Amino acid sequence: MSNPSIQRGWKAALLRHETLLLLVVAVEWLYFNSVGPRFGSVDNSFDIIRHSVEIGLLAVVMTPIILTGGIDLSAGSLLGLCAILFGKLWRDAGLSPVMAGVCTLGIGAVAGGLNAVLITGLRLPPLIVTLGTYSLFRGLGEAITRGVDTFTNFPASFLFLGQERWLGVPAQVPLFLLVAGAVWVLVHRMTFGRTFRAVGFAPEGARYAGIPVERRIALAYVLAGTVAALAAIIYTARLGQAKADAGTGYELFAITAVVLGGTSIFGGIGSVHGTLLGVAAIAVLNNGLVHARQPREVAGMLTGLLLVLALSTSALPKLLALLRSHRQTVNPEPIKS
Amino acid sequence: MSAANAPLLQLSSVAKSFGAVRALRGVSFDLRAGEVHALLGENGAGKSTLIKVITGAHQPDGGTLAMDGGLLEKLSPAAARKLGIACIYQQPALFPDLAVAENIALRLESGGALRKVDWAARRLQAVGLLERIGADISPDAEVRSLSMPEQQLVEIACAIGSGARIVIMDEPTASLTRKEVALLFAVVRDLRSRGVGVVYISHRLEEIFELADRVTVLRDGQSVGTCPVSGMTEAGLIKLMVGREVAQLYPPAEGVAGQVVLALKQLGCAAGGVKNVSLEIRAGEIVGLAGLVGAGRTELARVLFGITPADSGEISLNGRSITVASPQDAVGQGIAYVPEDRRRHGVILEMHIAQNMSMAIHSRIFPAAWLRDGAEARLAQEFIRNLGIKAYGPQAPGGSLSGGNQQKVSLARWLATRPKVLILDEPTQGVDVGAKSEIHKIIRRLAMEGLAVLMISSDLPEVLGMSDRIAVMRGGTITALLPGKSEAHAVMAAALGQNP
C-alpha cells in the first residue's frame, strides 16, 4: 500500500548503521595510527582488546535484554559482587580457582534470576528492578569486604587468564569469542532471538501469539547474570586483585556500546555484531586518545557525541513506523471503548 | 431562521470518512435547550464519530454545525469547550493523583502558569458544585480513590461549573449500580430544568424511555429517524436500529455439523467478568457470538485462550476435560484465537509477515529452535496464495499491509497451528468490503473442512449471515441461543435483554 523501499524498514537501516559504525572504527584507527607512533603496534592492539573484554562481555549479553525492551543497570555491580565472592571462595573457603569460578558462575546466574523474578513475577519495570539490584549487589560486595578487604596473591596459573597469551592472542580472547559467538547464534540463528524481538516490539502481541514471554525475559537476565560472573573472573585475573568497587560504571559503558551498535533502546531492533562494533568504537577511542596525548575527559565527551548520533539514527525507523501507524488509523470509530 | 427560535445545536447532513470507510454519511440531528435527546444505534453505527464531530475532535468532511443558529466552522476541542459543549465519557478523563477540587479547578480556571493559586476559593467552588449535583464526595479526596460513578459525577460537576449548555453523556450508566443510576438521572433532570441540552447515549432502552424526550436512531452512519420517545415502543426502536436487509452475499452453509469439539460447562472467570457460560460447538459449525460492547464476549475468548484463565467450570475438547492456564496451553490443545485488536495483538507490525505467520508454531517448523528461513518462507508463500494476501512477499513487514490483509496474516498464524477450535474476534472490523467477503468465504471454507468456529462479531448482518447458531451474551454470560436463521430484531432484543 505504500512504498516498499521505505517499508523494507529496519533491517536495511541496521545494515547501514553497522556499515557506518565499521567506518567510524576504521577512521578512528587510521587517525590514531597517524598521530600516535605506538598505537598501531600488536602489543597496543592486544592491550585494547584486554581492556575491553569485560565490558564487551557485559555488552554482548545486554543486547538480548535491550532487544526485549528491558535494561540491566545491575551488570557492573554484579561484576563487583562476583569478583568479591570469587576471591572469598578461593581465599577463605579454600576452593581451587576453577571450582571457585564454577561457583561464581552459579551465583551470577542466581543473581540474574533474581532480576528476572522481580521483573516477570512482580511485573515491575526492568529499569526500577535493576536500579534496585544495582545498589543491592554493590552494597553486598561492600558489606562482605567492609569496604577494605582486597583479594590478591592469586596463583600465576589463574592470572594467566587475564595477563598472558594463549594461541598467540590474549588468553581471555578465545573465551570472549566463544561467548559472543554463542550469543550471536542465540539471537540471530535461533527462535530465541526471534522471540526476544517480538517481546520488544509488542509484549502483548507476543503473549497473544502464544510466546512464553516471561520465560524468554528470564532467559535474557539469567544469561546476563552468568556472563557478568565470567566477566568478574576475567577482571580479577587481569588486575590480579578483587575489590568491592570492581566494575563500577561498567553497566553504562555496556549500554552505551549496545545502543551505539544500533540496538534500539525501545526494543525489537538490534544485533550482536553491532554491539561488538560499538564496543570496538569506544575501546579504540579511549585507547587512541591516550596515544594522541589527549586528556581522558575528551574520551567521555566524544563517546557521548557518538552515542547521541547513534541514538538519532536508531530512533529513526521506529519514528517512521509510528508516523505510519498514525496515518493508517482507518478504524471508523473506536467501537469498543 | 432567527437566532431566537433556532435549536441549541443543529447538525445538517454531516459526513465524515476515514480513508475508504464512511463513518458518517449525512447525519442530521438537532438538540433543543432543556431536552434530553437520546442517540441510539448498533455498535459501529457512527455514534462515537458523531460525538467527536460535536466536540470538535473530528472535522466533518461535509455538512454544517450550527449553535443558536450561528454556523460553527473549523470547530476545535478548545473552541467547543468555550462554547459550552461538554462531554462525559464512559471512562472519566481526570488526573488520578490530584484531589477532586484540583481536578475541577484545572478544567475551570484559566490564566498563566505563574498566577497565585487561591486554594480556599478552589475548595469552595468544588464544594458548591458537588453539592449542586447532590454528590457526597469530599473535595480533598484523591480521584484515584473514587469509584467510577463518583468520577463521572466529578466530570458532571466540571461540566456544570464551566456553564456547559450542551452536555453529551456517552453510556454513563454502563458501570453504575441501580442506586447510582437514580442519582445520575436526578442530576440529568436537573440539568434539563436549567435549560441545558443533553445528548444521551445508552444501549439500555428502558433508560431512554425513562429519561429522554426525543430519540434519534443512527444506522450505518445515517440518521434513520428522530421522534418523541412518548410515541415509541421498544420493538419499534429495535426495528429502526437493525432494519436493513441482510445481504445475500454470505457464503451458504453446507454439510452437517459433526461431533461436539468444544464444550463449556458453567465456565467462569471472576477477574474477566465471565460467569456460568455453557456452550457446545461442533466440528464444521460456526457459532456466532453476539452481544453489545461490554457483554463479555472478548472476555470469554480470553478465558478460552488462557490469557485470563477460568476459575470455575469446565472446558472439554473432544470429550476430554482440559486445563487452559496460558496461551501456550491453548495452542498446545488446539485452540486458536484471532484477536480483535489486530494492530496490538494480532500482528507484530514491525516484523515480516512470514515471521508473524510462524510465530505460534516455532517448535514445529524450527526443530531444535534453529531458524530455517526456507521452511518459513514456504509456509508464508502457501498462506499468501491460499488466503489471497496482497503483499510484495514473505519479507513484507506486517505494518505495510492493509487492514484486511493484516487480518489474513493474523488468521494464517493461527491456521498454521492446525487448530481444532478457531475463535475469531471481530474478524472483519475495519476491513474494506471486498476483503470482508473474502474473509467470510475463508471462514466458511474452514468450517466445511471440519473446524469448530466461534465467531464474535458486533456486525449483526455478519452474525446472521455467517452463523449456524447464534449465542447471545449479556452481562458476562450467554443469555440466549438462537438458530442461525434468526431475525435481526430477535438477536438485538436478546442482546438488549428484552423479551422478544
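Bear in mind these aren't lab numbers, they're just calculated from the coordinates by the rules spelled out. This one's a predicted model, so the numbers in the text were calculated from it and none came from an experiment. Backbone-built Cβ (ideal geometry, glycine too); neighbour counts: all protein chains shown.
Within segment B:250-331, which GluC sites (Glu not before Pro) sit in a loop by DSSP and count at most 16 neighbouring Cβ atoms inside 10 Å?
Working: sites: B:254, B:280, B:285, B:299, B:314; in loops: B:254, B:285.
Passing both the DSSP loop test and the Cβ count: B:254.
Quick one: how many lysine pairs does segment B:9-242 have with C-alpha atoms less than 27 Å apart and a gap of 8 or more or different chains? Give me the count, please.
Counting lysine pairs in segment B:9-242 gives 14.
What is the percent of Cα-Cα separations in the protein assembly as shown that go past 53 Å?
Details: 95445 of 349866 pairs.
Counting pairs separated by more than 53 Å, the tail of P(r) holds 27 percent.
Collect residues whose amide H, placed 1.01 Å from N in the peptide plane, falls under 5 Å from the amide H of residue B:478; neighbours closer than 5 in sequence don't count.
The answer is B:278.
Out of every Cα-Cα pair in segment B:9-242, what percent are more than 23 Å apart? Numbers along the way, then the final one.
Numbers: 13500 of 27261 pairs.
For segment B:9-242, the fraction of Cα-Cα distances above 23 Å is 50 percent.
What ³J(HN,Hα) values, in whole Hz, does the Karplus curve 6.51 cos²θ - 1.76 cosθ + 1.60 give for segment B:442-447 when θ = phi - 60°, with x put for Gly and Pro?
Going residue by residue, I get 4, 4, 5, 4, 4, 5 Hz, with x marking Gly and Pro.
Between residue A:102 and residue B:381, what is the FRET efficiency for a Förster distance of 56 Å, r being their Cβ-Cβ separation, to the nearest 0.05?
Numbers: r = 48 Å, r/R0 = 0.86.
FRET efficiency, residue A:102 to residue B:381: 0.70.
Which Cα, out of B:93, A:45, B:312, lies furthest along the positive dipole direction of the protein assembly as shown (beta carbon charges, K/R +1, D/E -1)?
Result: A:45.
Compute the length gained on full extension between residue B:227 and residue B:138: take 0.36 nm times their separation in residues and subtract their Cα-Cα distance, giving the result in nm to one decimal. Kindly include the intermediate steps, with their values, before the conclusion.
Values: separation 89, 0.36 × 89 = 32.04 nm, distance 4.06 nm.
The residue B:227-residue B:138 span can extend by a further 28.0 nm.
Please list, in order, the residues from segment B:282-317 whose amide nitrogen is less than 12 Å from a point placed 7 Å along the Cα→Cβ vector of residue B:210.
Counting backbone N atoms under 12 Å from the label point, the list is empty.
Determine the calculated [θ] at 222 nm for chain A from helices alone, applying -39500 (n - 2.57) to every DSSP H run no shorter than 4 residues and normalising by the residue count; nearest 500 deg cm²/dmol.
Numbers: 14 runs with 245 residues, N = 337.
Rounded to the nearest 500, it is -24500 deg cm²/dmol.
5 Å is the cut-off here: which amide hydrogens, built 1.01 Å from N in the peptide plane, fall below it relative to residue B:61, excluding neighbours closer than 5 in sequence?
Placed amide hydrogens put B:15, B:16, B:17 under 5 Å from residue B:61.
Per residue of segment B:92-106, in order, report the coupling 6.51 cos²θ - 1.76 cosθ + 1.60 (Karplus, θ = phi - 60°) as ³J(HN,Hα) in whole Hz, putting x for Gly and Pro.
Whole-Hz 3J(HN,Hα) from phi for segment B:92-106: x, 9, 9, 8, x, 8, 9, 6, 4, 4, 5, 4, 5, 4, 4.
Under 5 Å between amide H atoms, partner at least 5 residues away or on a different chain: which partners does residue B:282 have, H built in plane at 1.01 Å?
It is B:261, by chain and number.
For segment A:204-218 and segment A:56-78, compute the distance between their C-alpha centroids and round to whole Å.
Cα centroid of segment A:204-218 versus Cα centroid of segment A:56-78: 19 Å apart.
Can you pull the semi-axes for chain B, root of five times each eigenvalue of the Cα gyration tensor, sorted largest first, whole Å?
Numbers: eigenvalues 388, 131, 115 Å².
Equivalent-ellipsoid dimensions as semi-axes: 44, 26, 24 Å.
Just to be sure I understand: of the beta bridges DSSP finds with both ends in the protein assembly as shown, what percent are antiparallel, rounded to 5?
Values: 48 of 84 bridges.
Of the beta bridges lying entirely in the protein assembly as shown, close to 55 percent run antiparallel.
Apply the a/c threshold of 1.5 to the C-alpha gyration tensor of chain A and tell me whether it is rounded, prolate or oblate. Provide the component values of the computation, followed by the final result.
Values: a/c = 2.21, a/b = 1.33, b/c = 1.66.
Since a/c reaches 1.5 but b/c is at least a/b, the shape of chain A is classed as oblate.
Do any GluC sites (Glu not before Pro) in segment B:404-500 lie in a DSSP loop with no more than 12 other beta carbon atoms within 10 Å, and if so, which? Working shown, then result.
On the way: sites: B:438, B:449, B:462, B:487; in loops: B:449, B:487.
When the GluC sites (Glu not before Pro) of segment B:404-500 are filtered for loop state and at most 12 Cβ neighbours within 10 Å, B:449 remain.
Using a Förster distance of 41 angstrom, determine the FRET efficiency expected from the C-beta separation of residue B:276 and residue B:235, and round it to 0.05.
Values: r = 28 Å, r/R0 = 0.69.
Efficiency at R0 = 41 Å is approximately 0.90.
From the residues A:151, B:348, A:132, which one has its Cα farthest along the dipole of the protein assembly as shown in the positive direction, the dipole being from +1 and -1 charges on Cβ of Lys/Arg and Asp/Glu about the Cα centre?
Value: B:348.
Would you kindly derive the ³J(HN,Hα) couplings of segment A:237-242 from the backbone phi angles with the Karplus curve 6.51 cos²θ - 1.76 cosθ + 1.60 (θ = phi - 60°), listing them in order in whole Hz, with x for Gly and Pro?
After applying 6.51 cos²θ - 1.76 cosθ + 1.60, I find 5, 6, 8, x, 8, 10 Hz.
Looking at segment B:260-496, how many pairs of lysines come closer than 26 Å at the Cα, when each pair is eight or more places apart or spans two chains?
Eligible lysine pairs with Cα atoms under 26 Å apart amount to 15.
Subtract the Cα-Cα distance of residue B:321 and residue B:189 from 0.36 nm times their separation in residues, and report this length gain in nm to one decimal.
42.2 nm
In which sequence would B:13, B:458 go, from the one with the fewest C-beta neighbours within 10 Å to the one with the most? Each step should come with its number before you reach the end.
Numbers: B:13 15, B:458 22.
Final ranking by Cβ density, sparse to dense: B:13, B:458.
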